[in-house]
Amino acid sequence: MSEITIPKEFDTITADAVVIGGGIVGSATAFWLSKAGMKTILVEKRDALSTLTTAASVECFRTQFTEKSMADLALASVEMFENFNDVVGLPGIDIHMTQRGYLFVTDDEAQLPDLKKAVDQYHAIGIPGAEFIGTDDLHKRFAFLAPQALGATFNIRDGWLSTHEATYGFAKGAGDAAFFMKTEVTDIQTDSQGVSAVKTDKGTISTRLVINCAGPFAGVIGKMAGLDMPLRTVRRQKAYIKTDHPDLPAAAPFTVDLVNHGYWRPEAGGLLCAWVDPDEPDSPPADELTTDWDFAAESIHRVSRLNPFLEKVADNLKAEDVNVSAGQYVYTPDDKPVIGPSGEIEGFYLNCGYWCGVMMSPGAGKRVADIATGKMDNADNPLRYSRFREGDFEKGDTFLK
């Protein structure tokens, strides 16, 4: 059974692998490395797992990706979430899987060909269950939508879960791996053979394999090893609205307005809503983020355009019913994560660069472990870091990146 602890100061200890970062991506990575027989230590500078970017997410997963490299990872991850207890080898862990689908909807007739094209692409790359829904069926199936809604893509397999339970489930199932909390990485040491040790404020961990799962701090960790990665960190906010209004469609899917980038989903005791601001500037990685005083109002305004029930909900809201929080997405040049060896520093591996870390975490963690143990050739990994140097990348057209 793994150990989650705040270690006392130590001189030097050894590990086969050190995972840096205690979000769901790091926890899943440590799990799969441990399952592969490696003595694994995860280090996290905060007090507990799943307390930074993972906790700030809307906790969703989906299969609707137009890029095969992303779809393959998403499908593998969803299957693992669906069979979570069998995957981690522990009974009784409830990650609260809710599969009500992702609904990408529009009232712009000019967008309908793009929606149909996306569904055709989903089918072409092997995503089962994806469908285009035209106007008549759309309003029969989702009566809460505004009359002007014209069409949508949908997959009932998509949904959301408890990231806290999933993160700790991976940790608890991670064999004899150790999870060091309140342990901050201060340097990554190298020698002629590559990575040699991870220095922390508690002591030094001698190792030949380090996996950078540090979320928005991945660029900082990379520079410690001598790797300057092309990563951008961008603040993303969400609003929780506490409400028991009778017009709230509590069984609705995760619903996205493709015209104005607003989205919402039901949540216990109310709903979550937000919008993706394409003009949000880059910001340095941070443990504490400010929120905009008007973000909730702007989100409600955008979402209510195609979900008019929200206007009625908003009429009865009090200040204490609204909570806005923020985290950071990390973007690479092609908006896809980097997974596998850095290629520049022997033994320095990457599992970072995510705007979609929650939904990709199980599959990505397994891929890192498979590459590290020789079960997968990195040349067959389309999300390898070297794609940027090779020029083998391009931005896709997946909705709501």
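Pairs, please: C-beta under 8 Å, at least 6 apart or cross-chain, first residue over 11 Å from residue 399 (Cα atoms) and in the stretch 100-123, second assigned to a helix (DSSP H, G or I) and not hydroxyl-bearing (Ser, Thr, Tyr)?
Partner pairs satisfying both residue conditions: 106/112; 106/115; 122/71.
If I go through the stretch 304-333 residue by residue, how many of them are more than 18 Å from residue 269 (Cα to Cα) and not in a strand (DSSP E or B)? Quick ask: steps written out before the conclusion?
Of the stretch 304-333, the ones more than 18 Å from residue 269 (Cα to Cα) are 304-308, 326-333.
In the following step, the residues that additionally are not in a strand (DSSP E or B) were identified as 304-308, 332-333.
The qualifying residues number 7.
Residues checked against (1) modelled with pLDDT under 95; (2) among the aliphatic types (A, V, I, L, M); (3) farther than 17 Å from residue 252 by Cα:
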{"residue": "116", "(1), (2), (3)": "no, no, yes"}
{"residue": "121", "(1), (2), (3)": "no, no, yes"}
{"residue": "157", "(1), (2), (3)": "no, no, no"}
{"residue": "165", "(1), (2), (3)": "no, no, yes"}
{"residue": "188", "(1), (2), (3)": "no, yes, yes"}
{"residue": "191", "(1), (2), (3)": "no, no, yes"}
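I'd like to know if the stretch 179-190 contains one or more residues that are part of a helix (DSSP H, G or I) and crowded, with 18+ Cβ neighbours inside 10 Å.
The initial filter retains those residues of the stretch 179-190 that are part of a helix (DSSP H, G or I), namely none.
No, the stretch 179-190 contains no residue that is part of a helix (DSSP H, G or I) and crowded, with 18+ Cβ neighbours inside 10 Å.
Just the residues that are outside any loop (DSSP other than H, G, I, E, B) and among the β-branched types (Val, Ile, Thr), please, taken from the stretch 49-67. Steps first, please.
Here is the first cut: in the stretch 49-67, the ones outside any loop (DSSP other than H, G, I, E, B) are 53-56, 60-61.
Correct list: 53, 54.
Which numbered condition trips up residue 334, out of (1) touching a residue at least 12 places away in the same chain (Cβ under 8 Å); (2) more than 30 Å from residue 394 (Cβ to Cβ); (3) among the acidic types (Asp, Glu)?
The single condition residue 334 does not satisfy is (2).
Does residue 223 satisfy the criteria of being part of a helix (DSSP H, G or I) and without any contact (Cβ under 8 Å) to a residue 40 or more places away in the chain?
Details: part of a helix (DSSP H, G or I): yes; without any contact (Cβ under 8 Å) to a residue 40 or more places away in the chain: yes.
So residue 223 passes the test.
Starting from the stretch 168-186, take each residue that is free of Cβ contacts under 8 Å to residues at least 40 places away in the same chain and list its partners that are in a helix (DSSP H, G or I), counting only C-beta distances under 9 angstrom and pairs at least six apart or across chains.
186/224
Which pairs have Cβ atoms under 7 Å, sit 6 or more apart or on different chains, and link a residue in the stretch 267-294 that is of a type in the set (Lys, Arg) to one that is surrounded by 11 or more Cβ atoms within 10 Å (Cβ to Cβ) and part of a loop (DSSP other than H, G, I, E, B)?
As it stands, the answer is none, since no pair meets every condition given.
Kindly establish whether residue 244 is surrounded by fewer than 24 Cβ atoms within 10 Å (Cβ to Cβ) and at pLDDT below 95. Before you say what the answer is, go through the steps one by one.
Working: surrounded by fewer than 24 Cβ atoms within 10 Å (Cβ to Cβ): yes; at pLDDT below 95: no.
Considered against the rule, which asks whether it is surrounded by fewer than 24 Cβ atoms within 10 Å (Cβ to Cβ) and at pLDDT below 95, residue 244 comes out as no.
The values are calculated or read from the model by the stated rules, or taken from the named source; none is laboratory data. Keep in mind it's a predicted model, so treat the numbers as computed, not measured. Reconstructed Cβ throughout: ideal geometry from the backbone, glycine too, with neighbour counts over all protein chains shown.
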